[in-house]
1. Just read off the accessible area of PHE119 with the full protein assembly in place, 1.4 Å probe, to the nearest 10 Å².
2. Taking only the alpha-carbon atoms of the range 101-178, what semi-axes of the equivalent ellipsoid follow from 5 times the gyration tensor eigenvalues under a square root, in whole Å, largest first?
3. Run the 1.4 Å probe and let me know the accessible area of LEU110, rounded to the nearest 10 Å².
4. How big is the gap, in Å, between the Cα center of the range 85-105 and the Cα center of the range 122-178?
5. So, with a 1.4 angstrom probe, what is the percent of accessible area on the range 53-158 that is carbon and sulfur?
6. Give me the 1.4 Å probe accessible area per residue for the range 46-87, excluding ligands and nucleic acids, in Å².
Amino acid sequence: FHVNLRIRILGFIIPQSGVFSYIFFAFAPAPCYNGGQEKRNGKEYRMNDLCAFVGCGNMGGALVRAAAKSSFGPERIGVLDHHPDKTEALCRETGCHAASSEEAVSARFLFLGMKPQAFAKAADELRPLLAGKTPVLVSMLGGTPIARVKELLGELPVIRIMPNLPVAVGAGMTLWCA
């Protein structure tokens with residue numbers, strides 16, 4: 001099926017116990033939404049036609065690499081990590097751009113890829129910036145329930161994912177729930 005936001009979900013859904021399903025996913029362009037205009041590589045995008053990754057360690061970095069190689073394109077991906085050298089290296093490798101905290105919260109999808117123990121501190125910084133914004137939060141915080149994400153960041157839509165490292169080469173599966 002197709003989620004008409006910015007993630008196209010492809011493949012078979014295999015129901016498991018509870019509310020989880022295994023899916024294959026790929027990033028794909030979708031229609032523009034209302035929002036601020038921005039130019040990247042000579043193309044004009046609406047601000048919320050962008051995707052931002054906060055935390056680009058092993059898993060976050062793997063998803064950034066996969067998204068940058070896809071038809072979604074690196075020019076629409078912002079990367080933010082508390083280690084500027086890690087952000088810079090990933091941006092150089094993928095062609096994505098380093099995002100500020102303000103740009104990250106303005107993206108249509110905000111991927112939360114920091115370590116779970118660093119989430120509360122990151123949420124303190126992001127919460128005031130999220131006021132009046134409505135990104136879809138995509139949490140890959142292991143052991144952190146959706147209720148906790150909403151508690152710290154507000155009542156925004158949240159998708160919880162558990163990707164595996166083969167996503168970096170386009171061969172992974174992601175466990176998700178919303």
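1. Rounded to the nearest 10, that gives 10 Å².
2. That gives 22, 14, 12 Å for the three semi-axes.
3. 0 Å²
4. 18 Å
5. Values: 2490 of 4590 Å².
So the carbon and sulfur contribution to the accessible surface is 54 percent.
6. On the way: 1470 Å² over 42 residues.
Result: 35 Å² of accessible area for each residue.
The values are calculated or read from the model by the stated rules, or taken from the named source; none is laboratory data. These figures come from a predicted structure and were not determined experimentally. Note: areas computed on protein heavy atoms with side chains; ligands, DNA, RNA excluded. Shrake-Rupley method; radii C 1.70, N 1.55, O 1.52, S 1.80 Å.
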